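Structure, as structure tokens:
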Amino acid sequence: MPYREEEEMARMSFVEHLTELRARIIKALLGLAAAFAISLTFTDPLWRFICKPAAQALKSLGYPTQLYVFDPMDSFQVIWVKLPVVWAIFLGSPWVLYQLWAFIAPALYRHERRWAAPLIIGSSGLFILGGVFAYFVIFPYGLTFLLSIAKSEFVIPQVPLDIYFQTFVNVVLGVAVIFELPVLIFLLTALGIVTPGFLVRQSRYAILAIFILAAVVTPSTDVFNLMLFATPMCVLFYLGVLASYLLTLRREGRPFPWRPVVIVAGGAAAAGGAWWAARHFRENRAGARRRP
């Protein structure tokens with residue numbers, strides 16, 4: 001039967017909403033301030049960690065592995081101000097998301113508030129996962145590609161410290177925010193703004209928007225780096241569609257159709273196993289022919 005629950009919701013005046021919002025913002029800022037203070041005690045290892053992609057990219061191209069400072073204040077502003085702020089955002093993201101959830105929770109039904117812990121953990125995990133993916137995959141490949149464009153005996157790149165850090169932050173934070181797509185889709189479904197059917201019908205436009213966004217966020221313009229970002233984003237979009245579908249099934253009291261999923265997954269696994277076996281057999285056969 002349809003999932004219906006009538007529950008009287010607490011009503012707050014406009015001024016009370018503003019007071020609650022101010023309190024949540026202050027608590028979120030205090031959490032970020034504490035994370036900033038913690039980050040200040042680890043500036044040296046954090047800076048070495050951020051410079052590692054630049055050192056690897058420059059070394060792979062045969063260039064000196066140093067960043068350059070053209071303004072004496074750049075080192076202080078980047079290492080002792082901007083760097084701790086960025087790390088504070090990642091460290092304090094669970095606390096900030098909790099404050100956001102605590103602000104909107106009074107407007108939800110009791111059964112909807114049970115999603116608080118999974119949403120906070122999931123959104124924080126996706127945010128951090130997006131930053132990790134950008135650091136280890138997108139940014140190094142994009143930076144290497146950009147530095148290799150003008151590689152010649154007449155060109156030696158001098159990467160300014162402030163420009164490198166700004167590019168790093170744009171890519172890492174941008175990807176981390178975009179990795180929140182499944183949570184956004186889930187919340188839009190919970191609010192009744194979108195449905196799984198609508199998302200599936202409009203998926204081609206969503207994929208087009210993902211590729212356009214990938215072209216803006218990625219540091220380089222080559223197809224390889226574009227696909228490095230767009231492919232996981234398409235996967236995240238369909239994970240969001242799946243979460244939307246599961247929420248709709250729960251609301252309507254319908255069971256999840258396990259049988260088709262098991263059949264499709266089994267067929268995909270069998271096809272993958274057959275492809276791997278055929279490839280392995282072909283490689284072994286080719287190796288046997290090359291032997292004297």
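Where a number appears in this text, it was derived from the coordinates with a stated rule and is not lab data. Since the structure is predicted, the reported quantities are computational estimates derived from the model, not experimental observations. Note that each Cβ is placed from the backbone with ideal geometry, even for glycine, and that neighbours are counted across all protein chains shown.
Under 5 Å between amide hydrogens, which residues at least 5 positions from TYR68 or on another chain qualify, with H placed 1.01 Å from N in the peptide plane?
VAL159, LEU161
Please identify every one of the chymotrypsin sites (Phe, Trp or Tyr not before Pro) in the range 30-100 that sits in a loop by DSSP and has no more than 14 other beta carbons within 10 Å of its own beta carbon.
Passing both the DSSP loop test and the Cβ count: PHE42, PHE70.
Kindly count the pairs of lysines across the range 14-259 whose alpha carbons are less than 29 Å apart, treating pairs on different chains or eight or more residues apart as eligible. Provide the component values of the computation, followed by the final result.
Numbers: LYS27/LYS82; LYS52/LYS82; LYS52/LYS151; LYS59/LYS82; LYS59/LYS151.
So the count works out to 5.
Which ³J(HN,Hα) values, rounded to whole Hz and listed in residue order, are derived for the range 188-199 from phi using the Karplus coefficients 6.51, -1.76 and 1.60 in 6.51 cos²θ - 1.76 cosθ + 1.60 with θ = phi - 60°, glycine and proline given as x?
Running phi through 6.51 cos²θ - 1.76 cosθ + 1.60 with θ = phi - 60° gives 5, 5, 4, 7, x, 7, 10, 10, x, x, 4, 5 Hz.
By count of other Cβ within 10 Å, fewest leading, how are THR43, THR231 ordered?
Working: THR43 15, THR231 12.
So the residues, fewest neighbours to most, are THR231, THR43.
For the range 157-217 and the range 50-78, compute the distance between their C-alpha centroids and round to whole Å.
The distance from the Cα centre of the range 157-217 to that of the range 50-78 comes to 28 Å.
If you rank ILE185, ILE156, ILE128 by fewest surrounding Cβ atoms within 10 Å, what's the result?
ILE156, ILE128, ILE185
Using the Cβ atoms and a cut-off under 15 Å, what net charge is assigned to the surroundings of PRO196, where Lys and Arg are +1 and Asp and Glu are -1?
Taking every other residue near PRO196 into account, the sum is +3.
For the range 156-239, what does the alpha-carbon gyration tensor say about shape, rounded, prolate or oblate, given a ≥ b ≥ c as the root eigenvalues, a/c under 1.5 as rounded, and a/b over b/c as prolate? Each step should come with its number before you reach the end.
Working: a/c = 3.89, a/b = 2.10, b/c = 1.85.
Prolate, because a/c is 1.5 or more and a/b exceeds b/c.
Among MET233, MET227, MET73, rank each residue by its count of other Cβ atoms within 10 Å, from fewest to most, as a rough exposure measure.
MET73, MET227, MET233
Restrict the search to the range 125-182; then list the chymotrypsin sites (Phe, Trp or Tyr not before Pro) that DSSP places in a loop and that have at most 11 other Cβ atoms within 10 Å of their Cβ.
For chymotrypsin sites (Phe, Trp or Tyr not before Pro) across the range 125-182 that sit outside H, G, I, E and B with at most 11 neighbouring Cβ atoms in 10 Å, the list reads PHE154.
Just the C-alpha atoms of the range 111-211: what Rg/Rh do they give, with Rh taken as the Kirkwood radius? Please list the in-between numbers first.
Details: Rg = 18.9 Å, Rh = 16.5 Å.
Taking Rh as the inverse mean 1/r over Cα pairs, Rg/Rh reads 1.15.
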